[in-house]
Amino acid sequence: MALATVSGCGTGAEDADVAWKGSASPTASTGTAPTASASTAPARPAKLTSACKLLPAKTVNTVLGGTAATRLSAHEEPVEKKSGRTRISCSYGRDGNEPFALLVSMRPGQADEAEAQLDGIAANSGVKATRLTVHDAGAVTYAKEGMRSIAVAVPYQDELRLVIFAAPQVVPQSKLVDLAEHVVKQV
């Protein structure tokens, strides 16, 4: 089962550290990307309550491809509330193995900290990270310990919504970007 967590560091930047049971080893490179401003964001729900509804297993299966025998199912994880933040997450897998995960962290009062959060994630990854843009929002992606992760910082009103998706490193970065874009359009 995959466990995705987001933990803070001393500067207020956040580390998207994705820990997995039974994973391998990764890499990535560096660049820069802009973030979307809260004023240009399309109408989005004020409250997010389900990660699996944001990214259904059917969508993951379609983007990743495969056969009927390799179809994934989704499992909504319990909502976590800590230090004023709310996290929703969904694990994807089959046969008791959940190597894919989506985590969305809602951070009130941090909409203007999108770049700092991404900088913190890149710095705390411990590997080279690639900056990019996903649906007009800043993002960072990296591969580590057999997993590939993408984190997208989406301002919404005064809240920062940090979208993180992780998959085994064999999944191409472009597929993670496609999955992240599907979620970012909704948050």
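The values are calculated or read from the model by the stated rules, or taken from the named source; none is laboratory data. This one's a predicted model, so the numbers in the text were calculated from it and none came from an experiment. Cβ atoms come from the backbone with ideal geometry, glycine included; neighbour counts cover every protein chain shown. Keep in mind that these areas ignore ligands, DNA and RNA; they rest on the heavy atoms of the full protein, side chains included. Shrake-Rupley method; radii C 1.70, N 1.55, O 1.52, S 1.80 Å.
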Residue by residue through the range 84-127, note down the ones that are of a type in the set (S, T, N, Q) and touching a strand residue (DSSP E or B) at 6+ places or on another chain (Cβ under 8 Å).
-> THR86, SER89, SER91, SER105, GLN110, GLN117, ASN124, SER125
Just one of LEU132, LEU103, LEU118 is more than 23 Å from GLU77 (Cβ to Cβ), open to solvent by less than 40 Å² (accessible area, probe 1.4 Å) and outside any helix (DSSP H, G or I); which is it?
-> LEU132
When residues of the range 149-174 are filtered for being farther than 13 Å from ARG107 by Cβ and over 13 Å from the mean Cα position of the chain (by Cα), how many remain?
-> 6
Selection within the range 47-78 - out of contact with any helix residue (DSSP H, G or I) (no Cβ under 9 Å at 6 or more places or on another chain) and either on the phi > 0 side of the Ramachandran plot or of a type in the set (Asp, Glu) (or both) | GLY66
Filtering the range 78-99 down to residues that are under 20 Å from PHE165 (Cβ atoms) and open to solvent by 20 Å² or more (accessible area, probe 1.4 Å) yields PRO78, VAL79, GLU80, ARG85, THR86, ARG87, ARG94, ASN97, GLU98, PRO99
Those residues of the range 134-174 which are more than 16 Å from GLU115 (Cα to Cα) and free of Cβ contacts under 8 Å to residues at least 40 places away in the same chain amount to VAL170, PRO172, SER174
Count of residues meeting criterion [small (Gly, Ala, Ser), assigned to a strand (DSSP E or B) and farther than 13 Å from LEU54 by Cβ] in the range 70-90 = 1
